[in-house]
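Accompanying notes for the structure given below.
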Amino acid sequence: MRQPESGRLPLLAVAIVLAALVAGCGERPALNRGDRAPSFALQAVTGTTVRFPADPGVPTVIRFWADWCPYCYQEMRDIGPTAAQLAPRGLIIAAVNAGQERAKVEAFVARLGIAYPVLVDEAGATARAYGVSALPTTFFVAADGRIHNKLVGEADAATFERLVQELLTAEVSRGRP
């Protein structure tokens, strides 16, 4: 029996997990700019429950990821400095793991030393509610709960920071600090 090529196995794993995320969800919502972001309550790896939207509403970045995603590793590291720098301005960055068990998520977070909130969505229900069909997918949500921007796929640290700054600039123009 022929062994699979090393590059094909990770792609197969990606296809299987994405299929599991969207299986049985019927027609996925096409969430884009201006749409209201679905609410959720998920447990963070720290054990606390994080609710979205926060009360009072604050600008929030919701990033869906998984440890098998080849683009997620570096991006999870790159988000840290932006999260720390902009937290005093009220920005929340939440990384939602899409469909993996808690122990695997905790090990990944510990290995990278991630300090911003990492949430566990073991069943993938929140990812389905957002219509996530590729990882990473990031939603930049205004304080009013509407999606300001959406990024599907890989982005470098500069692109991520630019999109966060656009979100915060839009909040200021709406009269929010």
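The table below lists the values:
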{"quantity": "In the stretch 58-115, residue farthest from the chain's Cα centre (by Cα) [restricted to those that are among the hydroxyl-bearing types (Ser, Thr, Tyr) and over 18 Å from SER39 (Cα atoms)]", "calculated": "THR82"}
{"quantity": "Any hit, the stretch 66-78, residues being closer than 19 Å to THR48 by Cβ and surrounded by fewer than 19 Cβ atoms within 10 Å (Cβ to Cβ)", "calculated": "no"}
{"quantity": "Enumeration of residues in the stretch 150-177 that are within 13 Å of the chain's Cα centre (by Cα) and either on the phi < 0 side of the Ramachandran plot or modelled with pLDDT of 95 or more (or both)", "calculated": "LYS150, LEU151, VAL152, GLU154, ALA155, PHE160"}
{"quantity": "The stretch 61-81 residues that are under 21 Å from LEU167 (Cα atoms), paired with ones that are in a helix (DSSP H, G or I) and open to solvent by 10 Å² or more (accessible area, probe 1.4 Å) (beta carbon under 6 Å, 6 or more apart)", "calculated": "MET76/LEU112; ARG77/LEU112; ASP78/ALA157"}
{"quantity": "When residues of the stretch 120-149 are limited to those that are closer than 16 Å to VAL96 by Cα and of a type in the set (Asp, Glu), the one farthest from the chain's Cα centre (by Cα)", "calculated": "GLU122"}
{"quantity": "Any chance ILE62 is modelled with pLDDT of 95 or more and closer than 25 Å to ASP156 by Cα", "calculated": "yes"}
{"quantity": "Count of the stretch 129-165 residues which are assigned to a helix (DSSP H, G or I) and either within 14 Å of VAL61 (Cβ to Cβ) or among the basic types (Lys, Arg) (or both)", "calculated": "8"}
{"quantity": "Of residues in the stretch 159-177 being over 18 Å from ASP78 (Cα atoms) and among the charged types (D, E, K, R), the one surrounded by the fewest Cβ atoms within 10 Å (Cβ to Cβ)", "calculated": "ARG174"}
{"quantity": "Qualifying residue in the stretch 79-96 (condition: out of contact with any helix residue (DSSP H, G or I) (no Cβ under 6 Å at 6 or more places or on another chain), among the small types (Gly, Ala, Ser), assigned to a loop (DSSP other than H, G, I, E, B) and open to solvent by 10 Å² or more (accessible area, probe 1.4 Å))", "calculated": "yes"}
{"quantity": "GLU27 being at pLDDT below 95, surrounded by 14 or more Cβ atoms within 10 Å (Cβ to Cβ) and not polar (S, T, N, Q)", "calculated": "no"}
{"quantity": "Qualifying residue in the stretch 100-118 (condition: under 14 Å from THR46 (Cα atoms), surrounded by fewer than 17 Cβ atoms within 10 Å (Cβ to Cβ) and touching a residue at least 60 places away in the same chain (Cβ under 8 Å))", "calculated": "yes"}
{"quantity": "Tabulated pairs, the stretch 135-158, first under 14 Å from ALA37 (Cα atoms) and open to solvent by less than 20 Å² (accessible area, probe 1.4 Å), second part of a strand (DSSP E or B) and among the hydroxyl-bearing types (Ser, Thr, Tyr), C-beta under 7 angstrom, 6+ apart or interchain", "calculated": "VAL141/THR60"}
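The values are calculated or read from the model by the stated rules, or taken from the named source; none is laboratory data. Quick caveat: nothing in here was measured; it's all calculated off a predicted structure. Cβ coordinates were reconstructed from backbone atoms using ideal geometry, including for glycine residues, and neighbour counts include every protein chain displayed. With ligands, DNA and RNA removed, areas are computed over all heavy atoms of the protein, side chains included. Shrake-Rupley method; radii C 1.70, N 1.55, O 1.52, S 1.80 Å.
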